[in-house]
Each structure stands twice: as C-alpha cells, then as structure tokens.
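The values are calculated or read from the model by the stated rules, or taken from the named source; none is laboratory data. All figures in this text were calculated on a predicted structure; none of them were measured in a lab. Neighbour counts run over all protein chains shown; Cβ positions are idealised from the backbone, glycine included. For the accessible areas, the whole protein counts, side chains as well, though only heavy atoms, and no ligand, DNA or RNA atoms are used. Shrake-Rupley method; radii C 1.70, N 1.55, O 1.52, S 1.80 Å.
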Amino acid sequence: MARVDATPTVMPTSSGQQAPVVELQTIWKTYGLGRKNDSVRVDALRGVSLSVGQGEYTAIVGPSGSGKSTLMHIIGCLDTPTSGTYLINGEDASDLSEQDLAEIRNIRIGFVFQQFNLLASLNAWRNVELPLSYAGVPASKRRTRAMEALEKVGLTDRASHKPGEMSGGQQQRVAVARALVNNPSLILADEPTGNLDSVSTKDMLNLFGSLSAEGRTIILITHDSDVAATAHRVVQVRDGMITSDTVNQPDGGMSFEVPLSSSVGRERRSGGNQDPGGDAVPGGVRSAGAEVRP
Amino acid sequence: MNFAQILRTSWSAIATHRLRSALTIIGIFIGIAAVSLTIGLGQGAQRMISDEITSLGSNLLIVTPGSSTSTSGVRGGMGSATTLTIDDATALTSSTVAPDISGVAPIMSSSQTLTTSSTNWTSTAYGTTASWLPVRSRTVQAGRFFTDADVTNCATVVVLGPTTAQELYGQANMAVGQSLTMGTAQYTVIGVLTSAGSSSLGDEDDIVVMPYSTMSQRISGGVTRLSMIYISATSQASLTAAYQEATAALLTRHGVSSSSADFSITSLQSVLDVASSITGTLTLALAALAGISLVVGGIGVMNIMLVSVTERIREIGLRKALGATPGVIRLQFLIEAAILAVIGGILGIGLGYLAGWLISQAISITVTISWSACLLALGVSALVGIVAGVYPASRAAKMAPIDALRSE
C-alpha cells in the first residue's frame, strides 16, 4: 500500500513559498442533489473561500445551521464539495480517491471531536496508537509514540485506563493525543469543548494554545465566541458564507478585520518567516504573533 | 494496519458481544456438525464395504449357472440351470487355459440338519475341494481343513463354521474330533474355521464345509450339481484377464456363443462397487440436506454482521476519520464473520465426532470422521463466514465517514 511520507509535507509553490495548509476556493456544498424534488435542495456552503497558513490558529465560528460543520467536514476530507477546489498542502483533494483521502485523514489531519469518539473497548494508549496502526507504523514504535503523545497532553499516568474510567476532560486530552500522534500538518477540532465543564474547557484551550505555540496549525470549530477569542484568527460563518475574518492580536490588544475580498485564493501566507521548503515538522517553537500577517 | 492487528480488532468486537456471537456460532455449529456426521457415516459405510472386499478377497470371481441374458428375451432364473460341472471347474485350473487364475473352488450347496447326541442345528452345507480355503481367504482356528486325498476318498469329514461349532458343541475348540449326523451318514468334525463375519454372500460363520465328492455320494444321490464356482485371480490387477479366460474357456466347453451363454461370471468387486456407489449417493444426498442447515447458519452470520455494522456505524466513521481505508474496514468485518464461522466449524466438528462415537457405540455402524473431512468442514465454514460477511463488510467499507460520524 503506497503511503505518503509520514512527516507533514508542505508543497513549495512556484514562487518558492510554502502552500497554505488549507486553501478553499469558492466551495459550494449542496445537499439533496439527485432527488426528484428540487425543493429539498439546501445550499450548506455558498462559495466559501478561505486560506489557512502554516502555524495559524484559526477559529471558525457560527450558529448552528451556518454551515460551519459542513465546512469542517470538507476541510477534514470527510466530505467532498459539490463545486469549487480544495487544496490541502497544495494538493487538490477533489481529485483524490477514497484510498488517498483515507491517507490524508490519517497523516495530514488530526481530528478532535465534540463527542471525544474514543473506542470504549481500548485503553488510552491503544486509542492513541490507532492512527499509527492505520499508517502502517510497526508495533514496536507505536507504543513509544503513543506514550510521547500522551505525555504531551499530560496523561502519562492514565495510559492504561479505558475511556470509561476517565473524566470528560481527560478523554478529550486522549483524543488530542490521538490527533497529534501522526504529526499531522493540521489539527481539526470540532466543538472540542462542547461537552466539557468550564474548568476542563479552560484546560483544553490552554492545551490548544501551547500546541499553537509549538507551531501546530489548528482549526477550531465552535459556536462559542469566548472559545473563539482564544484563537489568533476568527472566521465568522453565516448562512453558508464567510461574513467576517478577524485577526486577534496576541497581546490582547486591538483586533482588526481582514478584507474579505482579498481572502480569496491567496496571501494569508504564514510561514513567511520560514525557510522556503524548510522542514515544517511541528515542534519548532515560533512566536505565535509572527504567524499571521495582516 | 497489519493483519494481526485487524485480527485483534475483529476478535475484540466478537468478545464484547458474547451472547450475540454465541448465538451466531450455534447456527454454523449445528450445520457443520450435521455435515461432518453425515460425511462420517458415509465414510464409515465406505470403509465397511472396502473391509468386506478385503475379507472376501478382492480378486474373487463367481461363476453361476443359468443365463442372465437370453436372445429370445426370456430370462431363465439365475442358477436354475444345471450347466456347471466339476469338469468345468477342473478345466479352469489348467494353467495353459487360464494362466491368470490361481485357484478354483466348485461349490455344491444344500441346507442340512446336523444332529449330535445332545442337540441339532440347521445350517448350509457346502461341498467343495481343498482349494476352497485359499480361494475364499479363510483359515481354520482349530483342527485342519480337508485335503485333496479326502476329496478323492469321499471321506466323511466336515469342517464347521465357528457359529455352527458353537451351537452344536458349546465351544468352537471342543468340536474337533466329535462326530455328527447329517442326513443318513455320520461325519467326523476335523476342523473349525476362523470367523469371517457376514458378508454380501451371507453368514460366513454358520456353514458346514465338506468334500464335494462325499456330498455328491451321500447327500445328493450321486448327482454333482454345482451351484457356483469360485475363482480367484492371481492378483487384483489380473482380475479382468482371469474373467476373460474363464468366460472363453467355459463358452468353448459348453459350445455356446457369448450371447447365449448358460452361465454368468460376477466379480465381487463389481457387486461391491455398486453397493459403494449407492452409499456414496446416499451420503451425498444426506450431506446436501445437512448443507442446507449450513446455509441457514450462514444467513445467521450475515444477519448478525449487518446488525453489527449498523450498530457500530460511529466506530466505522471514526476509524475512517483516523485513516482506515475502505479495504481495512472491509477486511475487519470479513475476518469477524470468518472467525465466528470457524469457531462454529471447530465446535461443530467436535459435536459431529461425539455424535458419531455415540452412534457407533449404540448401533453397530462405523462412523469414520477423517482429518480430510474435518479440514473440509473447516474450510466450508470459513467460506460460509466469508460469503456471508461480504455484503455487510462492503456496506461498512462504503459508508461515508461523515454519515457514519453524524449518526447518533
């Protein structure tokens, strides 16, 4: 089985700059196609364009029914757009086979879900190693890497506990460890704090903050503006369209709006401070504020 | 994801749903038990037949008087003719006429009442030559068989079958040297045969064997009327040659053509081949019936796998989101189905074996459950599992991760 390289690859663009991790170009998603009755057709996304650069910490915010979940599914290669182009690390995901998409989900994307979605029958480290086993990592290395990921989320002592024996906050940490274990180029979190109490929520957001400080690219989907405020960039979605795109200053100072017209297909190039084509393995600590340039 | 890990995943899914897995396994288990038992019964029957061939002598030919075919379309009763003579039998012993014939035993037969001082017993008396013993592959357990000299001298000696000896004297080895009355004459028992059981030729243990000359003289009033001639070929391979030689020799002697032959030659092998093919067909029919229960078991597996796929829709979605390819998901469910079926298969072979043992203890039927039958049953059960698993597995594999994750 052919596998893409296990380290996140970043395609250099023709200009020598790294391609954005996520680049959506006028994405439409219509449900109810193929039905006889046209009245059930729903446009969940109506021409969304968005570019997320390497190392960015972005929140996608919107009320339920705004299309943010659909957007997340398309970004996560769990669903395909009806029209438009989606480039992940510069690679067109609309062209990929089911097999290739599975590979991208496995290696390039780490998912964190609202429901944690841990397998109840497996203990923490067995849950964490799942993506590794789908990536074909030999058993001898899986445990070490799973333990490293658990250490990162501070749960080394819970490695042999099953999900039922852990609190919600701990379970979500296991889920984050699972998302990290394959060193993905993107962490995609869908309402990760939706089922957590306020203390665990704070913990979780701190965890995301430190992961971002390590240079991980994070997209967080939420309906909670307080949660969104912890991200460096907030994208508002309403009725299937992006209504605003704001960058928060890391020092808590003023935030400013990104002109929407310019967010199409381009220059939210992060990584302008990185060597072109350089190693993008997360872990190299960079200043979070430098990631996003207005 | 390597095979061992998929195997472990499948196994843990089975282990978490114990009751359901057990019920599914029972379906396959009954089917396999039925199949392996019927095949075991069939193979037992086949073995009994082949044992009989060996005990009777696989190179035995039987010449009977009376034609089984007639040009005029009239069929004479088998054995009703009196065309076989001692001279016919003697002619067949010639090594120039019939080089592939190693022994010839002419047979006269008659039902006789045997009387001793204390009891009496009715048995079948055979008048033959000394070569009867090797031709029929028999041995004596006590005393001796009669000799050519006894035949020439019309000696009043008899050799008894073990059953006959026991009925008359209580114990087989007590019989030798005793005398008995048969018809008007007195005879000395000179030997007792070793048991041969009963065969397609009748009870081989309740017989009286004596020189044909004595029988002709004392019992049938000087007439020598052969009811059959046993011929043994030099080997099983030369059976056909011996058959042809005997046919040619007897046709010449009787001056008839093959279409109006007044005798017929049967090979025991061919009789037993027919019996064997009948048991074979019966076994096949029974196994096919048992196979139906296996199909029902397979449908049970499919049913439970479909339930399992629906129930684990979230898990499937999650695994896909974590990078499981459709192939891996398909394999996981296929293996799960195959494991259920193979466990059922192993238990089924066990039950079949047990039932076979009980049957062979209760009634005297041999049940042979061979390794090849076990492997076949196991292969069939794995196949049933895989076939039954294909549809549920491909449904799981085709599931869009998002639909799977979304469902509650």
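Values for this structure:
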read-out: Rounded Å value of the spacing that divides the Cα centres of the stretch A:62-108 and the stretch A:193-247; value: 19
read-out: Rg(Cα) / (2.2 N^0.38 Å) computed for chain B, rounded to two decimals; value: 1.52
read-out: For the stretch B:358-381 versus the stretch B:1-27, the gap between their alpha-carbon centres in whole angstrom; value: 28
read-out: Cleavage-rule hits (chymotrypsin sites (Phe, Trp or Tyr not before Pro)) in the stretch A:69-134: DSSP loop, at most 10 neighbouring Cβ within 10 angstrom; value: none
read-out: Apportionment of accessible area to carbon and sulfur, the stretch B:204-302, percent (1.4 Å); value: 65
read-out: Principal axis box of the stretch B:293-368, alpha-carbon based, largest edge first, Å; value: 62, 18, 14
read-out: Global geometry of the stretch B:95-144, whether rounded, prolate or oblate, following the gyration tensor of its Cα atoms and the 1.5 cut on a/c; value: prolate
read-out: Accessible area in square angstrom per residue, chain B, 1.4 angstrom probe; value: 45
read-out: log₁₀ of I(q)/I(0) at q = 0.30, 0.31, 0.33 Å⁻¹ - the stretch A:159-205, Debye sum with one point per alpha carbon; value: -1.16, -1.18, -1.23
read-out: Most to least packed among A:42-49, B:156-163 [average Cβ atoms within 10 Å]; value: B:156-163, A:42-49
read-out: Rg to Rh quotient for the stretch B:323-401, alpha carbon positions, Kirkwood Rh; value: 1.24
read-out: Whole-number Å³ per residue for the convex hull built on Cα positions in the protein assembly as shown; value: 255
read-out: Total accessible area lost when A and B pair, probe 1.4 Å, Å² to nearest 100; value: 2200
read-out: Total formal charge among the other residues, if their Cβ is under 12 angstrom from that of A:T156, Lys/Arg +1 and Asp/Glu -1; value: 0
read-out: Percent RCO, i.e. relative contact order, over chain B, from Cα pairs under 8 Å lying at least 6 residues apart; value: 29
read-out: Using alpha carbons only: equivalent-ellipsoid semi-axes of the stretch B:272-408, gyration tensor based, whole Å; value: 42, 13, 12
read-out: Charge context of A:T70, other residues only, Cβ under 9 angstrom, K/R +1, D/E -1; value: +1
read-out: Of all accessible heavy-atom area on the stretch A:42-107, the percent that carbon and sulfur account for (1.4 Å); value: 44
read-out: In Å², nearest 10: area of A:E98 left accessible to a 1.4 Å probe; value: 80
read-out: Kirkwood Rh (inverse of mean 1/r, distinct Cα pairs), the stretch A:41-136, angstrom; value: 15.3
read-out: Beta bridge orientation in the protein assembly as shown: antiparallel %, DSSP, nearest 5; value: 70
read-out: Positive minus negative residues near A:S121 (Lys, Arg vs Asp, Glu; Cβ under 10 Å); value: +1
read-out: Cα-based convex hull, the stretch B:215-326, per residue volume (Å³, whole number); value: 265
read-out: Interchain or long-range residues, amide H under 5 Å from B:M228's placed H; value: B:I107
read-out: Nearby aspartates and glutamates by direct alpha-carbon distance to A:K141 (threshold 17 angstrom, same-chain neighbours under 8 apart not counted); value: A:D5, A:E129, A:E151
read-out: Heavy atoms of B:I335: accessible area, 1.4 Å probe, square angstrom to 10; value: 20
read-out: P(r) of the stretch A:165-255 over all Cα-Cα pairs, binned every 5 Å from zero, in whole percent; value: 3, 12, 23, 25, 19, 13, 5, 1, 0
read-out: For the stretch A:121-222, Kirkwood radius (reciprocal of mean inverse C-alpha pair distance, Å); value: 13.7
read-out: By accessible area with a 1.4 Å probe, ligands and nucleic acids excluded, highest first: order of A:V128, B:V256; value: B:V256, A:V128
read-out: Positions from the stretch B:1-30 whose accessible area shrinks by 10 Å² or more when the full protein complex is built, not the chain alone, probe 1.4 Å; value: B:M1, B:N2, B:Q5, B:R8, B:S12, B:T16
read-out: Interface residues, the stretch B:378-408 - accessible area loss of 10 Å² or more versus chain alone, probe 1.4 Å; value: B:P401, B:I402, B:L405, B:R406, B:E408
